[in-house]
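Notes to accompany the following structure.
The values are calculated or read from the model by the stated rules, or taken from the named source; none is laboratory data. Note that the structure is a prediction, hence the values are computed from the model and not measured. Cβ: placed from backbone, ideal geometry, glycine included. Neighbour counts: every protein chain shown.
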Amino acid sequence: MEKVISSKIVFECPIFKVEEAEVEFADGTVEKRWYVVKRDAVAVICLEENKIIMLREYRSASQSVEWRIPAGGVKDGESPQEAAIRETREETGLEPLDIKLLQTFRNPSSTMKQTIHCFAATKFRENPLNSGEEEEEGIEIKKLTVGEVEDLLKKEEFTGTIGKCLRLFVEQRKPGE
């Protein structure tokens, strides 16, 4: 088992930091490790009229149009629940009225440090919030049945934590819901 002896941030930009750590093993060997450290994030599954509100958006990192759910970073001074409500308002124009935490995922990989809070909501009111970001304008909103989302999950159309959140939500639903 590794024991962290020391660590420091060696790079920082608006969306992540790089941490360099020195670790010691049980036999006394010392090695360096590097981690990407990202701010906490939220993802929200919005179920309206028995359909999941899905987003289609061009993502420059993958250079493709991808399925996703409302998601984004937790801002300084903001709780995860507040961030989930804000992200949903910015990306769908709907304000969740009954938001509920499904699960928190920590450190999605051995080289990344991040906490992601997965929420679900079923009651909404129209209450758009303009983020001021151009990327919000290119989002296509679609409502898919749970069965359609399950089919997309089987085809591995969702990456990372968004897929984890959707699988968790689908598995937790009672038959007939």
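All but one of (1) in contact with an Asp or Glu (Cβ under 6 Å, 6 or more places away or on another chain); (2) within 24 Å of Lys143 (Cβ to Cβ) hold for Thr88; state the number of the condition that does not hold.
(1)
Among the residues that make up region 26-41, is at least one of them under 14 Å from the mean Cα position of the chain (by Cα), at pLDDT 95 or above, under 22 Å from Leu168 (Cβ atoms) and assigned to a strand (DSSP E or B)?
Within region 26-41, one or more residues are under 14 Å from the mean Cα position of the chain (by Cα), at pLDDT 95 or above, under 22 Å from Leu168 (Cβ atoms) and assigned to a strand (DSSP E or B).
Tell me which residues, restricted to region 154-177, are over 20 Å from Thr115 (Cβ atoms) and either of a type in the set (D, E, K, R) or modelled with pLDDT of 95 or more (or both).
Selection gives Lys154, Lys155, Glu156, Glu157, Glu171, Arg173, Lys174, Glu177.
Restricting attention to region 88-110, and to residues there that are surrounded by 12 or more Cβ atoms within 10 Å (Cβ to Cβ) and either of a type in the set (Asp, Glu) or in contact with a Gly (Cβ under 8 Å, 6 or more places away or on another chain) (or both), which single residue is farthest from Val170 (Cα to Cα)?
Restricting to residues being surrounded by 12 or more Cβ atoms within 10 Å (Cβ to Cβ) and either of a type in the set (Asp, Glu) or in contact with a Gly (Cβ under 8 Å, 6 or more places away or on another chain) (or both), the top hit is Glu90.
From the list Pro96, Pro128, pick out the single residue that is more than 20 Å from Ile15 (Cα to Cα) and modelled with pLDDT of 95 or more.
None of the others qualify; the one that does is Pro96.
So in region 57-81, with the set limited to residues that are surrounded by 16 or more Cβ atoms within 10 Å (Cβ to Cβ) and of a type in the set (A, V, I, L, M, F, W, C), which one is modelled with the lowest pLDDT?
Per the criteria, the residue is Trp67.
Which of (1) touching a Lys or Arg at 6+ places or on another chain (Cβ under 8 Å); (2) within 26 Å of Lys17 (Cα to Cα); (3) surrounded by 14 or more Cβ atoms within 10 Å (Cβ to Cβ); (4) free of Cβ contacts under 8 Å to residues at least 60 places away in the same chain does Ala84 not meet, given it meets every other one?
Here Ala84 clears every test but (1).
Among Val44, Val23, which is within 23 Å of Val149 (Cβ to Cβ) and either part of a strand (DSSP E or B) or among the aliphatic types (A, V, I, L, M) (or both)?
Exactly one of Val44, Val23 is within 23 Å of Val149 (Cβ to Cβ) and either part of a strand (DSSP E or B) or among the aliphatic types (A, V, I, L, M) (or both), namely Val44.
Being within 18 Å of Arg89 (Cα to Cα) and buried (at least 16 other Cβ atoms within 10 Å of the Cβ) is the filter here, so list the residues in region 25-56 that pass it.
Ala41, Val42, Ala43, Val44, Ile45, Cys46, Leu47, Ile52, Ile53, Met54, Leu55
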